[in-house]
1. For region 338-384, how many residues are more than 18 Å from Q289 (Cβ to Cβ) and either under 21 Å from the mean Cα position of the chain (by Cα) or hydrophobic (A, V, I, L, M, F, W, C) (or both)?
2. Identify all residues within region 59-109 that are among the polar types (S, T, N, Q) and either in contact with a Cys (Cβ under 8 Å, 6 or more places away or on another chain) or closer than 17 Å to F131 by Cβ (or both); write none if there are none.
3. Report yes if some residue within region 152-165 is over 19 Å from A181 (Cα atoms) and not charged (D, E, K, R); otherwise report no.
4. Would you confirm, using the coordinates I've provided, whether F180 is of a type in the set (A, V, I, L, M, F, W, C), surrounded by 19 or more Cβ atoms within 10 Å (Cβ to Cβ) and modelled with pLDDT under 95?
5. Is it the case that region 68-91 has a residue that's closer than 20 Å to L275 by Cα and modelled with pLDDT of 95 or more?
6. Any chance you could count how many residues in region 166-189 are among the aliphatic types (A, V, I, L, M) and closer than 16 Å to G322 by Cα?
7. Considering region 314-326 alone, what residues qualify as being in contact with a strand residue (DSSP E or B) (Cβ under 9 Å, 6 or more places away or on another chain) and either at positive phi or assigned by TED's automatic domain parsing to the domain that holds S159 (or both)?
8. Within region 4-15, take every residue that is among the hydrophobic types (A, V, I, L, M, F, W, C) and over 15 Å from A201 (Cβ atoms) and give me the one that is modelled with the lowest pLDDT.
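The values are calculated or read from the model by the stated rules, or taken from the named source; none is laboratory data. Quick caveat, the model's predicted, so the values are computed rather than measured. Cβ: placed from backbone, ideal geometry, glycine included. Neighbour counts: every protein chain shown.
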Amino acid sequence: MAKLPYNIRLCLAVLLTSFFAGLSGILMHELLNVVEWLAYGKSMENFLTLVTHTTPIRRLLAIFVMGILVAIFWYHLQRKHALVSIKEQSTSSKESSLRPRFWQHILHTFVQIAFVGAGGPVGKEGAPREFGALSAGRVGHQFALTLKDKHLLIVCGASAGLAAVYQVPLSSFFFAFETFALTFSLRSGVIVLFTTYAATALSNPIVTSHAMYDVAKVSFSSNNLPVLVLLAILIAPLAGCFRSLTQKVNHYRKKDRAILYTLPLATLVTGSFALIFPSILGNGSALVQEAFNGIGFSRAAVLFVIKAIVVLLCLGAGAYGGTLTPSFALGSLLGLMLFEVSHTFLGIAHPELLMLAGAASFLAVTMKAPLTSAGLAIAFTKQDPMLLIPILFCVFLTTTLHQFLTKEN
C-alpha cells in the first residue's frame, strides 16, 4: 500500500472507514433485535410497546440474567488488559492505543448492545462508535497514513458509527468536532462529512431512517421565549449534576472481580423498578416515547429520578454504555414537568417544544456538544429544521448558565 500516492491511500482509507462504520450500524441494529427477541419473545421498533406488553416477571428476569452474563464477559475482557477508549485512540501516538486488541474490543461492543437489548438502562451509541474507531485505526495502519491522519480517521470512524446506528449524518458531523475537539479545516470537514453520510447511506436499507419518536409537529412563537429561559435555568444545574456524577461513576467503575456481584445486583434493582415502571428499561427511547404520549407531573418526576439512579448505578457497578439517549430522556421529562406547572399562567398549549428543547439542552451539557444535541432533537423526531431556532436558543442559554455555575471556560 505504501507504494501508492499518499492522496490515493487516504481516499481508499476514508472509503473503507465509511464501509466499516456503516457495517457497524447494521451489525448493532441486528444484534439488538436478536437480543430483544431472546429477552422478550419478539423485537419491535417501539421499545415502549415491547416492554409494556411483557409480563413484569419477564422484564425482571431478562435484565437480571443479562446482568449476570455481561458481568462475566466484562470481567474476563478486562482481567489482563485494560480497554482503550476512543479518546485515547484518537490522541495517542502509541501503536497499542491506535490499534487496540481487536477481539477484546469487538466483543466489548457486542456485550454493550446485548446489555441494552435486554433492558440495560444505558445508551447503545457507544458500541457502533467504538466499532467504527477500532476499524479506522487498523485501516489507517494498513494504508501507512501519518499519525495526524490516523487520528482523523479514528474520529471519522467513531462519528460515522454514530451516524449509521441512528441515521443522523449531519449531527454526527458536528459530533466529531465538538466531542473530540477535532480541529476544523476544509480538508477535515470534507472527510468527516463524507464518512458520516456514506456510512448512513450504507446502513439505511437495514437501519430505519423513520422518526425515532412519534411526536406531533411542533410550532413556535415568540411567546414561548420566557418559558425557554425558565427551562434553561432549570436544566443547567440538574444536567451539570448528572454529568458530574456520570464522570465519577465511570472513574470508579468496577472492573475487578467485584463486578461479578455488583452488576447483577444493579440489574436486579433496575428490574425491580421495571416491575412497575417498564419504560426505564433500555437506552431511554421507551421513556421518551412515554413522555411524548402524555404523563402527569408526578409520574414524570418519579421516572426522572429512577432513570437517573439506574443509569448511574449500572455504570458504577461495571456496565459500559453511552449516556446520549438517557440524557435525551431526562431532558424531555424536565421539559414536560415545567409545562405541567407553568402552562396555565404562561399560556402554553402543548408541551412538545419544551420537551424537545429540554432534551437537547440536557444532552448539550452532558455531552458538551450543543450543535450535535440540537441537531439530534430535530433528527430523532423529524421536525421542521426551523425549530432549531428556539431549540438552539435554549441550548446555548443552558450551556452558558452551566459554564457560569461550574466556572468552566
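1. Summing the residues that are more than 18 Å from Q289 (Cβ to Cβ) and either under 21 Å from the mean Cα position of the chain (by Cα) or hydrophobic (A, V, I, L, M, F, W, C) (or both) in region 338-384 gives 19.
2. Those that are among the polar types (S, T, N, Q) and either in contact with a Cys (Cβ under 8 Å, 6 or more places away or on another chain) or closer than 17 Å to F131 by Cβ (or both): S85, Q89, S90, S97, Q104, T109.
3. There is at least one residue in region 152-165 that is over 19 Å from A181 (Cα atoms) and not charged (D, E, K, R).
4. So F180 passes the test.
5. There is at least one residue in region 68-91 that is closer than 20 Å to L275 by Cα and modelled with pLDDT of 95 or more.
6. Total satisfying the criteria: 1.
7. G321
8. L4
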